[in-house]
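The values are calculated or read from the model by the stated rules, or taken from the named source; none is laboratory data. Quick caveat, the model's predicted, so the values are computed rather than measured. Note that we place each Cβ from the backbone using ideal geometry, even for glycine, and neighbour counts take in every protein chain shown. Note: accessible area is taken over every heavy atom of the protein model, side chains too, but ligands, DNA and RNA are not part of it. Shrake-Rupley method; radii C 1.70, N 1.55, O 1.52, S 1.80 Å.
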Amino acid sequence: MASLAELPVTYAATRDALQRVAVHIVARARDQGGAHSIGLRVTPGGFGTPEFGPDVTRVRVSGGLILRESGGPDRVTTIAREIDGATLAELADVAGVDLAADLDVGHDTPPLGDPDEPLQIDLAAARALAGWYAKTNAALDHVVASVDADAAPALAQLWPEHFDAALDLAATSDRRVNLGGSPGDGFHGEPYIYVGPWTSDRPGDAHFWNAPFGAVIGYGELRAADDPVDVATAFFLRGVELLAS
């Protein structure tokens with residue numbers, strides 16, 4: 001498995017710009033399309049919605065592009081637009097969303113800001129973000145394949161409020177836990193994977209529980225690994241094992 005990319009100096013600014021796109025364009029598209037849900041998915045090259053609405057529509061970000069794909073079984077049409085240099089208002093036209101409508105994706109919802117101000121993203125940083133999500137999602141898939149059916153894993157989704165790809169499952173009948181990957185935030189500037197128990201229990205290895213909300217491994221440690229997906233998978237399963245003890 002290829003290693004993680006070095007993060008460009010433009011990474012944080014690009015991540016933050018793409019989070020505004022995720023919240024105010026992509027999540028709005030799903031919510032306003034009748035799904036009444038803001039949960040997104042990791043998609044090739046980035047993130048997007050599942051298919052929704054009578055026109056079988058999907059809105060997604062791939063690298064530096066936003067795309068809207070829609071149509072029935074006989075014909076699918078695609079519209080694409082470069083994000084860099086475009087405004088949120090212009091991207092809203094591509095996605096078919098109303099920026100004036102109320103939207104709440106949680107208490108950390110990024111503000112809309114000026115919808116007519118051009119966005120600035122760096123393609124290398126956007127690709128690094130997409131690579132991070134892809135590896136996080138791959139590790140979560142391995143976890144789902146490794147746990148018993150009683151764990152009842154939830155669907156892995158990308159949540160626009162914190163921009164993390166995550167799922168939750170039951171370590172025991174009374175201990176559920178979030179497993180996921182953040183692209184970086186106020187707690188840790190670079191991406192990190194995390195184990196976040198729903199309870200205050202922190203059983204077993206005290207060195208494992210190294211964060212206020214549970215446990216984390218940062219981007220640097222994962223990037224140094226021969227296979228970051230293997231390391232992430234083992235980390236997630238170790239957290240589940242400890243919580244089951």
- Item | Yes/no for VAL105 being out of contact with any Cys (no Cβ under 9 Å at 6 or more places or on another chain), at pLDDT 95 or above and crowded, with 17+ Cβ neighbours inside 10 Å | no
- Query: Can you name the residue in the stretch 36-73 that is small (Gly, Ala, Ser) and surrounded by fewer than 16 Cβ atoms within 10 Å (Cβ to Cβ) and is also farthest from PRO160 (Cα to Cα) among such residues?
  - Reply: GLY72
- Query: List the pairs whose first member sits in the stretch 56-82 and is more than 14 Å from THR43 (Cβ to Cβ) and part of a loop (DSSP other than H, G, I, E, B), whose second member is hydrophobic (A, V, I, L, M, F, W, C) and modelled with pLDDT of 95 or more, and whose Cβ atoms are under 8 Å apart, counting only residues at least 6 apart or on separate chains?
  - Reply: GLY64/ILE83; GLY64/ILE121; GLY64/LEU123; GLY64/ALA126
- Message: For the stretch 206-245: of the residues being under 20 Å from the mean Cα position of the chain (by Cα) and hydroxyl-bearing (Ser, Thr, Tyr), which is surrounded by the fewest Cβ atoms within 10 Å (Cβ to Cβ)?
- Response: THR233
- Note on the structure: Of the residues in the stretch 7-35, those that are over 13 Å from the mean Cα position of the chain (by Cα), closer than 20 Å to GLY220 by Cβ and buried (at least 19 other Cβ atoms within 10 Å of the Cβ) come to LEU7, TYR11, THR14
- Message: For the stretch 83-95, check the following and say yes or no: at least one residue is at pLDDT 95 or above, in a helix (DSSP H, G or I) and among the hydroxyl-bearing types (Ser, Thr, Tyr).
- Response: no
- Message: Given the condition open to solvent by 60 Å² or more (accessible area, probe 1.4 Å) and without any contact (Cβ under 8 Å) to a residue 12 or more places away in the chain, answer yes or no: does some residue in the stretch 83-98 qualify?
- Response: yes
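Conditions tested, residue by residue: (1) over 14 Å from the mean Cα position of the chain (by Cα); (2) of a type in the set (Ser, Thr, Tyr); (3) at pLDDT 95 or above; (4) open to solvent by 70 Å² or more (accessible area, probe 1.4 Å).
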{"site": "THR136", "(1), (2), (3), (4)": "no, yes, yes, no"}
{"site": "VAL143", "(1), (2), (3), (4)": "yes, no, yes, no"}
{"site": "ALA156", "(1), (2), (3), (4)": "no, no, yes, no"}
{"site": "ALA170", "(1), (2), (3), (4)": "yes, no, yes, no"}
{"site": "PRO191", "(1), (2), (3), (4)": "no, no, yes, no"}
- How many of the residues making up the stretch 218-236 are hydrophobic (A, V, I, L, M, F, W, C) and outside any helix (DSSP H, G or I)? 1
